[in-house]
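Reading through the structure tokens given below for one structure.
The values are calculated or read from the model by the stated rules, or taken from the named source; none is laboratory data. Keep in mind that what you see is a predicted model, and the values were worked out from it rather than measured. Cβ coordinates were reconstructed from backbone atoms using ideal geometry, including for glycine residues, and neighbour counts include every protein chain displayed.
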Amino acid sequence: VLTTAASKILNNFVPPYSATVVERLELQDAIVIAKANLDEFGMGSSNENSAFGAASNAWSTEHVAGGSSGGSAVAVATGVAPLALGTDTGGSVRQPAAYNGIIGFKPTYGRLSRFGVIAYASSLDQVGVMARSSEDIALAMDVMAGHDPQDSTSVVDDTPQFSAALTDASLNDASLQGMKIGFIEELCGDGNSEGTISAIEKTKAQLKELGAEVVNVSLPNIKYAISSYYLIAPAEASSNLARYDGMIYGNRQGEDALGQAESMMLTRGEGFGPEVKRRILTGSYALSAGYYDAYYGKALKVRRLIADEFAKAFETVDVLLSPTTPSPAFKMGEKSDDPLAAYLVDIDTVAANLVGVGGMSIPAGKADDDLPCGMQFLAPVMKDERLVQVAQALQSNMGEDFSPLAKTW
Ligand code: GLN
């Protein structure tokens with residue numbers, strides 16, 4: 001199937017093999033209906049960086065779908081498909097899910113095979129799944145999870161049965177009795193929109209009603225997650241995208257009269273969009289001799305510190321919680337001239353990728369402008385099933401607010 005990564009450089013690329021996750025779904029009779037739109041090579045938070053134009057939000061054509069997997073989120077939110085996949089390198093499954101009022105789940109790093117998935121930043125990339133109910137997420141995970149010898153980062157473990165976790169006796173009344181949930185202080189206060197703050201409060205009350213114990217947790221270094229991510233991700237991308245040079249991969253330009261170097265330059269110059277070029281430039285800069293220690297090396301150290309803080313927090317709580325985004329979907333074009341403002345949208349989601357833990361965005365009703373917002377739950381490494389349990393408990397208690405299909409299309 002034509003696989004473009006929403007880039008001009010791959011506009012005629014038909015891969016010779018499929019992805020393990022897709023093959024496993026098809027083996028269980030899933031019907032794959034389409035490839036959905038995304039920001040070019042997964043780089044973006046709005047879908048506006050697609051070479052094919054942006055999908056718009058399921059609830060408002062003036063607002064962005066989110067990204068990078070915005071097309072997947074809109075397809076699920078509008079009922080076109082019950083399930084969609086995306087890759088989540090810094091929030092690309094959770095953030096568009098939040099913007100469109102559905103569930104977006106990024107499992108622990110290594111839990112789903114990435115064989116057949118186009119690489120963006122390999123130490124962060126993980127396949128994620130979107131759906132309208134926790135049951136659908138669990139079913140898809142049961143089918144897709146499990147070691148894949150074709151992906152060396154795929155974990156070898158006794159894959160838990162996600163569906164079984166949903167029928168766990170202690171949870172069959174959709175209660176969260178005994179679960180300790182930590183609100184990440186640094187992400188729950190200033191900087192969030194008014195609607196998001198009231199959604200946080202509402203969620204807190206709901207969780208308590210469901211029997212969970214709710215506490216505040218401080219992760220002081222999480223404020224550096226975004227800076228660390230926007231060095232590490234572009235650095236890895238600059239290396240991963242080197243293969244698109246028109247020789248083996250990429251729509252070759254200038255092959256007639258020019259030499260190989262010129263052909264490569266033309267191919268990359270014409271094939272990549274502006275955001276992808278920006279990332280390749282910043283990533284190459286951060287890795288270059290003389291700057292490596294100051295930028296890339298430093299970012300890796302910060303990543304370690306944040307991981308240590310998460311590990312410590314999980315000694316006292318079962319799951320962590322923050323909003324998925326600081327506000328609901330923004331207007332199309334609003335952040336197009338300001339890449340830094342666009343990057344800041346990812347403030348809540350990137351830490352899970354830096355640390356490798358699983359994260360899930362669960363719909364939390366409407367926030368500002370009558371647009372949906374999501375709450376993000378994070379679980380310790382390989383404890384992903386806890387997230388499905390939280391989603392199930394909340395969905396049975398949220399009623400109308402929870403379901404995007406409460407809207408008639
Ligand atoms: N918005 C983030 C970025 O642009 C994350 C994207 C993703 O997860 N693929 O890098």
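Computed values, structure above
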{"quantity": "Filter result for the condition that a residue is free of Cβ contacts under 8 Å to residues at least 40 places away in the same chain, outside any loop (DSSP other than H, G, I, E, B) and crowded, with 17+ Cβ neighbours inside 10 Å, over Lys208, Lys204", "calculated": "Lys204"}
{"quantity": "Some residue of the stretch 330-339 being crowded, with 20+ Cβ neighbours inside 10 Å and either within 18 Å of the chain's Cα centre (by Cα) or without any contact (Cβ under 8 Å) to a residue 60 or more places away in the chain (or both)", "calculated": "yes"}
{"quantity": "Qualifying residue in the stretch 291-313 (condition: modelled with pLDDT of 95 or more, under 20 Å from Ile184 (Cα atoms) and not in a helix (DSSP H, G or I))", "calculated": "no"}
{"quantity": "Some residue of the stretch 381-394 being touching a strand residue (DSSP E or B) at 6+ places or on another chain (Cβ under 6 Å), within 16 Å of the ligand (Cβ to nearest atom) and either assigned to a strand (DSSP E or B) or basic (Lys, Arg) (or both)", "calculated": "no"}
{"quantity": "Test: residue in the stretch 54-64 that is surrounded by fewer than 15 Cβ atoms within 10 Å (Cβ to Cβ) and polar (S, T, N, Q)", "calculated": "yes"}
{"quantity": "Residue within the stretch 28-36 that is surrounded by fewer than 24 Cβ atoms within 10 Å (Cβ to Cβ), touching a residue at least 12 places away in the same chain (Cβ under 8 Å), touching a Phe, Trp or Tyr at 6+ places or on another chain (Cβ under 9 Å) and under 19 Å from Ser133 (Cα atoms) present", "calculated": "no"}
{"quantity": "Residues of the stretch 4-27 satisfying the condition of being exposed (fewer than 14 other Cβ atoms within 10 Å of the Cβ) and in a loop (DSSP other than H, G, I, E, B)", "calculated": "Asn12, Val14, Pro15, Pro16, Tyr17"}
{"quantity": "So Tyr229, is it surrounded by 22 or more Cβ atoms within 10 Å (Cβ to Cβ) and touching a Lys or Arg at 6+ places or on another chain (Cβ under 8 Å)", "calculated": "no"}
{"quantity": "Residue that is more than 16 Å from the ligand (Cβ to nearest atom) and surrounded by fewer than 20 Cβ atoms within 10 Å (Cβ to Cβ), where the choices are Gly271, Gly290, Gly246, Gly250", "calculated": "Gly290"}
{"quantity": "Elements of type helices (runs of 4 or more DSSP H) contained in the stretch 60-144, each with 3 or more residues being of a type in the set (D, E, K, R) and more than 16 Å from the ligand (Cβ to nearest atom)", "calculated": "134-144"}
{"quantity": "Options Ser163, Ser175, Ser193, Ser134: the member that is over 30 Å from Thr20 (Cβ atoms) and at pLDDT below 95", "calculated": "Ser175"}
{"quantity": "Pairs with Cβ under 7 Å, 6+ apart, first in the stretch 219-236 and more than 19 Å from Tyr291 (Cβ to Cβ) and more than 12 Å from the ligand (Cβ to nearest atom), second at pLDDT 95 or above and not in a helix (DSSP H, G or I)", "calculated": "Leu219/Ile184; Ile222/Ile184"}
{"quantity": "One residue from Leu321, Leu281 being of a type outside the set (Gly, Ala, Ser), buried (at least 19 other Cβ atoms within 10 Å of the Cβ) and either at pLDDT 95 or above or in a helix (DSSP H, G or I) (or both)", "calculated": "Leu321"}
{"quantity": "Residues of the stretch 211-226 satisfying the condition of being more than 20 Å from the chain's Cα centre (by Cα), assigned to a helix (DSSP H, G or I) and surrounded by 18 or more Cβ atoms within 10 Å (Cβ to Cβ)", "calculated": "Asn221"}
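To keep it simple, each residue is scored yes or no on (1) touching a Cys at 6+ places or on another chain (Cβ under 9 Å); (2) of a type in the set (D, E, K, R).
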| site | (1), (2) |
| --- | --- |
| Gln150 | no, no |
| Thr153 | no, no |
| Asp157 | no, yes |
| Ala164 | no, no |
| Gly189 | no, no |
| Gly195 | yes, no |
| Ile226 | no, no |
| Leu231 | no, no |
| Met247 | no, no |
